[in-house]
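Readers should treat all values here as calculations from the given coordinates under stated rules, not as data from a laboratory. All values reported here derive from a predicted model rather than from experimental measurement. Glycine also receives a Cβ, built like all others from the backbone with ideal geometry; neighbour counts cover every protein chain displayed.
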């Protein structure tokens, strides 16, 4: 005879709990084991093209992917060579496609990216753009998005080219549509060029009006700069012109959009910018410089307190003749033509015995930048090693 089991309230709760737990386990197992929905169609990379060469001032570029399966567009990522996954900055749904926009970092040289989950690869080369003189925009594989038209047909569904009006004269309509892609050129800049901040992109980038084409000025860009900076043309008439000005490329020093230093310089204009080219002076501004005596002005006002970064009529692009310039700070010797360092010694008015092509000046005995000898002298004062260089 079977003894009936009388269910208790406790037994009922236990059985119910076990059933719920079993259902939860089954649900999560099914979720984890079930494959993610595959992309219905492999995404198409609209820009940049494979193996393109990218010139850019900053280590960043845009990758635009077009995905036909709009339901899975939010799954698409870009994997960098260091295994970093980059999410889109924008997904723009269209009539037949979703347009997926990425901002990806670049390193000089070859960059390899993978579009996941499709596994499609994109390889590009990045060449940092410092001077437009060095850029070879017409070389093979160089990628210019606006090479032949204002906006490619594949992008015109969202970016209407009719919204970009040709510029009439220097002052005209702004082009805010450009900033839908290019806003990053000013995002981090402290000092901003007025045409850029006012979105008058075509003031510099309009190549033709009809049809409207856009280009990057190259080579001698002074003609573009001097459209606004008309008073600067006088530099070209000076006797001593700084190399970048003489070659017509203002962008060697100035970022034409904006940068973190005064006058849109890409480095500190007191010294760091200068030694990028004048590398022989680089040790003078280092904190642990091996040079024992350094002219104090270099740590203060910097190179441009003595040298014009553009042009002057005086050799070495100095603002004044050497003795006048030196005595504007060392006022005790102002106007002295004879008697330093000893009575009767000329300070000006005669040729320099060491350098017959120059006149005697302060720099005949003193190095104006730095020296291993006291008073910035060109040799050790003890033993007459300075004097003997002229007085054999």
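Miscellaneous remarks
- Extension gain for residue 138 to residue 342 (0.36 nm times residue separation, less C-alpha to C-alpha distance): 67.1 nm.
- Shown for 266, 191: other C-beta atoms within 10 Å of each C-beta, ranked fewest to most, produce the order 191, 266.
- Stokes-Einstein D in µm²/s, Kirkwood radius over Cα pairs - segment 115-248 at 10 °C with 1.306 mPa s viscosity: 91
- Where only C-alpha atoms are counted, convex hull volume of segment 156-311 per residue in Å³: 140
- The alpha-carbon atoms of segment 47-203 define a convex hull whose volume equals 135 cubic angstrom per residue.
- For volume of the Cα convex hull per residue in Å³, computed directly from the structure shown, the correct entry in [x] 367; [y] 287; [z] 181 is [y].
- Cα Rg, Dmax, segment 226-292, angstrom units: 14.5, 47
- Here the gap between residue 382 and residue 208, fully extended at 0.36 nm per residue and compared with their Cα-Cα distance, gives a gain of 55.7 nm.
- When Rg and the Kirkwood radius Rh are both evaluated on Cα atoms of segment 44-128, their ratio Rg/Rh stands at 0.96.
- With neighbour counts taken as other beta-carbon atoms within 10 Å, the residues 77, 71 rank, fewest first, as 71, 77.
- Label-reachable residues, segment 225-253, where backbone N falls under 20 Å from a point 7 Å from residue 198's Cα toward its Cβ: 225-233
- Straightening the chain between residue 50 and residue 90 buys 12.2 nm, computed as 0.36 nm per residue apart minus the Cα-Cα spacing.
- Each helix, a run of at least 4 DSSP H residues, gives -39500 (n - 2.57); summed and divided by the residues of the chain, these come to -3500 deg cm²/dmol at 222 nm.
- Residue 299-residue 57 pseudo-label distance in nm [points 7 Å out on the Cα-to-Cβ vector]: 3.3
- Seen against the Cα atoms of the chain and their longest principal axis, helix 9-33 is set at about 50 degrees.
- Between the C-alpha center of segment 197-257 and that of segment 132-165 there is a gap of 20 Å.
- Note on 113, 373: ascending count of other Cβ atoms within 10 Å places them as 373, 113, the fewest first.
- Cα-based Rg of segment 80-134 normalised by 2.2 N^0.38 Å, two decimals: 1.42
- With a Förster radius of 45 Å applied to the beta-carbon distance between residue 291 and residue 70, the computed FRET efficiency rounds to 0.10.
- The chain, relative contact order [Cα under 8 Å, separation at least 6], %: 9
- Segment 274-389 - convex hull of the alpha-carbon atoms, volume per residue in Å³: 124
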